[in-house]
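> The structure's right below; bear with me while I get my questions together.
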Amino acid sequence: MALITVDAVSKAFRIPTVRRDTIREHLFGLLQPRRFHQLQALDSVSFELRAGETLGIMGRNGSGKSTLLKVLCGIYAPDRGRVERRAAVTPILDLGVGWNPELDAVDNVFLIGSVMGLSLREIRRSMDEILAFAELQEFANLKLAHYSSGMSSRLAYAVAFRAVREVLVLDEIFAVGDAGFRQRCEERYRQLHAQGHTVLLVSHDPNIVKSFCDRALLLDHGRIVREGSPGEIADSYVTTLTHRISD
Amino acid sequence: MATAGSTATSGSERRPALARAGLIWTLVRTDFKARYHGTLGGFVWALLKPMSMFVVLMAVFSFLFASKPTYKLNLIVGLFLWDFFAEGTKAGLTSLHARGYLLTKTRVPPWILVVTSVSNAVITLAVFSVVIMIFLVSAGHPPSLSALVAFAGYCVALGAIVVGFSLASSGLFLRYRDLNQVWDVVVQAGFFIAPIIYPLDILPERFHFYLYIWPPTPVIEFSRAALVAGVMPTTTGHLYLAVDAAICLLVGILIHRRLSPRAAEYI
């Protein structure tokens, strides 16, 4: 059964030659018309995410991976096509989840946990577990503004791994923290997989895709150019990169 | 074949009501904490601004309007309602931008971010309403039950106006980043358009209609009539305010529905 269906989804961004972000700039620019470039980030992308599988997505920088994840999670609206979600999606994008730097770790866990669909009781019950997973118990009452990017990312993974309900969407998994933290992430991922959770995983690392995915897609210029086993896709991705370098 | 872009959700993808209530409470609580450094002292400190403004204006203008025995009471009612309008709209206007860190990384209904951003202004208005009641009672003008009910209704109408404005302007602010500066000027001018520091009857009656178009004016005037003068506004007046608030809220919802699906792209 497909938990997420992506049907002929396209997404383009209009990039102006001159940015105008204020009323003043728009008024003063009335007599200076600007041109727009169309950046086609996704071009008629279709696939299904089936229950219980881990689907890997690979592609060069600018191939549309991040846009696809954002469309799939409902953060961006598609221009054309249809995304149908039949399960709760927990995203961890851009190595983080979005923190309020003015709040401490405990309040940020409440904030992000609530946004990800956990009840207040579930968050209270899991607080120690989350802080322990991120190894941040002694910094629990420190404002996030004083955290390093690694500490913030560890906390993000800890909350999201606890909050995941059905589908986990991960951008560059296991790219944060030290070896010990990465190992805990891998163990937690295997637990979730064993429990039947569905995962969509974006990575540049062929070894991660080969180790963790059941099947994979290769994106290029906003299109799915190949679909197959993780080994095939990882090899195609490496070949694409090698050709580009030799060209 | 799929043409227009669409996203459909079903089954367990929808957020449970309990989790949604938890999200709203957490947003209100963390906003309060971030704004007032998590202390009651911080909140009391924030109340000092409108309180000191009231003291200064009362000191200056009560001489000017010495012939009006209820001037001080009318001033405090007008000033605190205005403070709610000004603070609520300013917070609402920047709400999506201020909480952009949530919009770009997770999926959260933007309207919740906008509506909860007005919560601090609501808390302040609740505290000020108690202050207003203490002033009224100590000045020998204890409000009747019907006046209190009417005042609550006017506050709800003003709340709908503030939320409607916030829903519309928060999406526009992402596209026009100096909209807050424009709104600051409008609020400054609006303070004098609304009859806060002067009684409305010092102006010729033919201008009253125009002043009533400015949304805070009917709320302030009706509240004064009910609480201070003990006179209920007419049914037509109530109807006008209800329609005014409903139109503001409806237009806000329509603009928000149009702009919010692409809000994350403008952050």
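> What are the pairs, 6+ residues apart or on separate chains, where a residue within the stretch A:1-27 that is within 30 Å of A:T198 (Cα to Cα) has its Cβ under 6 Å from a residue that is of a type in the set (G, A, S) and part of a loop (DSSP other than H, G, I, E, B)?
Close Cβ pairs (under 6 Å, with a partner that is of a type in the set (G, A, S) and part of a loop (DSSP other than H, G, I, E, B)) amount to A:M1/A:A51; A:L3/A:A51; A:L3/A:A87; A:D7/B:A2; A:A8/B:A2.
> Within the stretch A:22-70, how many residues are under 26 Å from B:L179 (Cβ atoms), polar (S, T, N, Q) and touching a Ser or Thr at 6+ places or on another chain (Cβ under 8 Å)?
The total comes to 0.
> Here's something else I'd like to know. Six or more apart or on different chains, Cβ under 9 Å: which pairs go from a residue in the stretch B:179-203 that's of a type in the set (S, T, Y) to one that's surrounded by 17 or more Cβ atoms within 10 Å (Cβ to Cβ) and in a loop (DSSP other than H, G, I, E, B)? Could you list them?
Pairs found: B:Y198/B:F65.
> Restricting to the stretch A:223-244, name every residue that is in contact with a helix residue (DSSP H, G or I) (Cβ under 8 Å, 6 or more places away or on another chain) and outside any strand (DSSP E or B).
Scanning the stretch A:223-244 gives A:P230, A:G231, A:I233, A:A234, A:D235, A:Y237, A:V238.
> Please enumerate the residues belonging to the stretch A:146-173 that are modelled with pLDDT of 90 or more and surrounded by fewer than 19 Cβ atoms within 10 Å (Cβ to Cβ).
A:H146
> Could I ask something else about it? Could you count how many residues in the stretch A:149-166 are β-branched (V, I, T) and not in a helix (DSSP H, G or I)?
The initial filter retains those residues of the stretch A:149-166 that are β-branched (V, I, T), namely A:159, A:164.
Then drop every residue that is not not in a helix (DSSP H, G or I), which leaves A:164.
So the count comes out to 1.
> Got at least one residue in the stretch B:5-19 being in a helix (DSSP H, G or I) and in contact (Cβ under 8 Å) with a residue 24 or more places away in the chain?
Step one: filter the stretch B:5-19 for residues in a helix (DSSP H, G or I), giving B:11-13, B:17-19.
Still in the list and also in contact (Cβ under 8 Å) with a residue 24 or more places away in the chain: none.
No, every residue in the stretch B:5-19 fails to be in a helix (DSSP H, G or I) and in contact (Cβ under 8 Å) with a residue 24 or more places away in the chain.
> Hey, could you check the stretch B:51-64 for residues that are in contact (Cβ under 8 Å) with a residue 24 or more places away in the chain and over 23 Å from B:P142 (Cβ atoms) and say which is surrounded by the fewest Cβ atoms within 10 Å (Cβ to Cβ)?
So, considering only residues that are in contact (Cβ under 8 Å) with a residue 24 or more places away in the chain and over 23 Å from B:P142 (Cβ atoms), the one surrounded by the fewest Cβ atoms within 10 Å (Cβ to Cβ) is B:M53.
> Evaluate the stretch A:119-129: report whether one residue or more is surrounded by fewer than 17 Cβ atoms within 10 Å (Cβ to Cβ) and either small (G, A, S) or not in a helix (DSSP H, G or I) (or both).
no
> Looking at (1) in a helix (DSSP H, G or I); (2) within 30 Å of B:V137 (Cβ to Cβ), find the lone condition where B:S67 falls short.
Failing condition for B:S67: (1).
> Here is a follow-up. Evaluate the following for B:W82: is it assigned to a helix (DSSP H, G or I) and touching a Pro at 6+ places or on another chain (Cβ under 7 Å)? Outline the logic, then answer.
Details: assigned to a helix (DSSP H, G or I): yes; touching a Pro at 6+ places or on another chain (Cβ under 7 Å): yes.
Considered against the rule, which asks whether it is assigned to a helix (DSSP H, G or I) and touching a Pro at 6+ places or on another chain (Cβ under 7 Å), B:W82 comes out as yes.
> In addition: Counting only residues that are at pLDDT below 90, touching a Lys or Arg at 6+ places or on another chain (Cβ under 7 Å) and more than 7 Å from every other protein chain (Cβ to nearest Cβ), how many does the stretch A:95-115 have?
Looking only at that region, the number is 1.
> Could you check the stretch A:43-111 for strands (runs of 3 or more DSSP E) lying wholly inside it with 1 or more residues that are within 13 Å of the chain's Cα centre (by Cα) and within 19 Å of A:T198 (Cβ to Cβ)?
Details: elements: A:54-59, A:80-85, A:89-92.
Filter on the stretch A:43-111 gives A:54-59, A:89-92.
The values are calculated or read from the model by the stated rules, or taken from the named source; none is laboratory data. This is a predicted model, so every value here is computed, not measured. No Cβ is skipped: glycine too gets one built from the backbone with ideal geometry, and neighbour counts run over all protein chains shown.
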